[in-house]
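Each reported figure results from applying straightforward, stated rules to the coordinates on display, with no laboratory input. From a predicted model like this one, the values you see are computed outputs, not experimental measurements. Please note: Cβ atoms are built from the backbone with ideal geometry, for glycine as well, and neighbour counts cover all protein chains shown.
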Amino acid sequence: MSIFVNKQFVATSATALPKLGSLIKPEPTFEGLLRLETDPRGEAYDEALAARVADPLWMLARQWQFREFDGEDAGSPLSVHYRLQGAPVLGWAPGSQPADDAFAPLAAMPLEPLVEAEPVLADPQGHARANAEAGQVLLRLLDDAGFDAVAVRTAYPGTVALPADPLSDPAGTLWHLLLAGRSIDAQSLASDCALLRVEGDLTALPAALIAAGLPDAARDALNDWLRWMDNFIFEQPNTAWNPARQEYAFELAAGNGEAKRLRLDAEEYVDGRIDAHDFDLRAASRNLMPGDAGNLDDSEERESFATPVQYPGMPASRYWEFEDAAVNFARIDAAAMDMVRMMVAEYALVHGNDWFMVPARVHAGGLYRVQALRVTDTFGRVTQVDPVAAVAGADWRLHGLTRTDDAATDGGWLFVPPPLSDTLEGNPVEEVSFARDEMANLAWAIEKRVQGTSGEPLDRSLEDQRYAIRQQPTVAGSDARVLYRLMTPVPSHWLPLLPLRQQGNLGLGIQLERGGMKRFYRIDAAALAQDAGYAGFIARLDATAALPGSFVERLASTDPDIAIYAFHPRGRVLRRDPALPVASDGLRIAEEELARSGFIVERRFQYARSADGRAWLWLGRRRRTGRGEAASGLAFDLGVAVGSR
């Protein structure tokens, strides 16, 4: 910064001087400084940003007050010698508390697709567009090999069914028109070829292809396509999903030889990334898996260097050092019983620079614990570090697995799951929101999106406009009378969750049973003749109810002039067993799962790669916190003004 002085010139009067015949210039005088200005012509900011301190003694005094000059009789750790004990994961089993004989070998697969995957192509109502896209791959392979694909289209024709109501499912309608006569049924062809494969190769063409005229020379192209199909979509019958809890439940089996067996319980997995904190640890029987497991114990002692633990926003270890303003631990508000926040603040502000980290390379998919640990510090002293002793009755530990039986298991184990790359998630093909409605004293399951005929998501709010004709008053709008409503209408994709006492529970155990929305319509000749659009609407309802597995059900009515229709869920989330008819498929959800904030369950395609480079594509479910209570507007026995809804 440069300082400039504006000078004020004060001259004596020229008339007061002797007349010398010439102009005499007066000498200026300085009276003071008027203002300070910065120099905009500087070439660098070094001097301005230096922030020089003219009193270094003040800085030293502040460091002395903060005890930065106090020496401690302790050395910093340098080298660390340790030994690990490991127990590999032997197998897995879906469900909560499965039997010992229900476990299957893990086979080095990533856990996420193994737990979450559900049928896609193998499902009769799965994803028709994905099935057609798989068929297009075969058509391209045959074309590259010089074969005509007409025989394949003739033997295994594939198409996307036309929706019952094309205006409600525009994506299904467009895919039906686009793929008509241009695709093949890839799943049916792959199923027939599976019966003729030996060690991955076809021994002969399926009979349907031979009858259609496909030459035997096309087997090489079919073999390439079948190998591609093996890795296209990972699907299997999913039994890990718990509909009553709307979350996944499964167990892992681990053991080191026949000496000790352990089981890892994951009964509340919902977030799409399996990690150590999803599991609890307990003992298991010795005959959990046949044969001896591999040994992951260290054969010799390891040596490494300890490095200080660092994390974003970490407080500076020195006083005169600028910190990241994005993180301010001093602004943490914690109540008297908010132990977690106080632990975080204490760790960051008091003990943040007292922790060190020692890297350890281990095999993924195993349980590990430190068997021995020796630390050599800067003074050459060697310290034997023992694990934190287990406290009786304390089942939770910050580092390690929660123990469900203190006497039989050791909470010092840490689980390292098989690695999986960052998952790419597609748009939800199904989305259901679970929410409470305090004004109606009900809970609701709101189907926002479901799969249409093509597999693409269908907006059920758009569909509701096609299946919801409400009572039309016949009185004039200027009439002073009040229109009586027995019940206000609720959209058909809002499904009530009715409270029901748990069977065999004499206390206050409540479950929420999924119900269906009933609607009553006049079908007498006068009502149908009065409005042609209304008659078409009733015909559309009857046609939809007549479809196999339809979400619309026509119920018996004692009045021949009144038709009763029940609207059921269209998707898979609100089904306990999709193989059963929707009218007889009852779903009950644990009442404690539905908090005031609610939750949202989505079905999405997931894509990731495992450590061996294989790509995994599967359809799984996610559960996340909702957005609070819902307002359905449901009310009974009320009078509204004419023209109101």
Checklist entry - Each residue of the range 207-220 in turn: what ³J(HN,Hα) in whole Hz from Karplus with 6.51, -1.76, 1.60 and θ = phi - 60°, glycine and Pro shown as x? => result 4, 5, 6, 5, 5, 7, x, 6, x, 5, 5, 7, 5, 4
Next on the checklist: Using amide H atoms built in the peptide plane, which far-off residues or other-chain residues are under 5 Å from Gln371 H to H?
Outcome noted: Arg83, Leu84, Gln85
Checklist entry - How much net charge surrounds Pro499 when only the other residues with a Cβ under 14 Å from the Cβ of Pro499 are counted, with Lys and Arg +1 and Asp and Glu -1? => result -2
Checklist outcome for this item: The local net charge around Ala132, scoring Lys/Arg +1 and Asp/Glu -1 for residues other than Ala132 whose Cβ lies under 14 Å from its Cβ, equals +1
Next on the checklist: Report the Cα centroid-to-centroid distance between the range 556-629 and the range 184-262 in angstrom, as an integer.
Outcome noted: 26 Å
Checklist entry - Size of the dipole of the range 121-230 about the Cα centre, Lys and Arg at +1 and Asp and Glu at -1 on the beta carbon, nothing else charged, in debye to 20? => result 180 debye
Item to check | For Ile274, net neighbour charge (Lys/Arg +1, Asp/Glu -1) across residues whose Cβ lies under 10 Å away | outcome: -4
Checklist entry - Highest mean first, what order results for 158-169, 181-192, 325-336 on Cβ atoms within 10 Å? => result 181-192, 158-169, 325-336
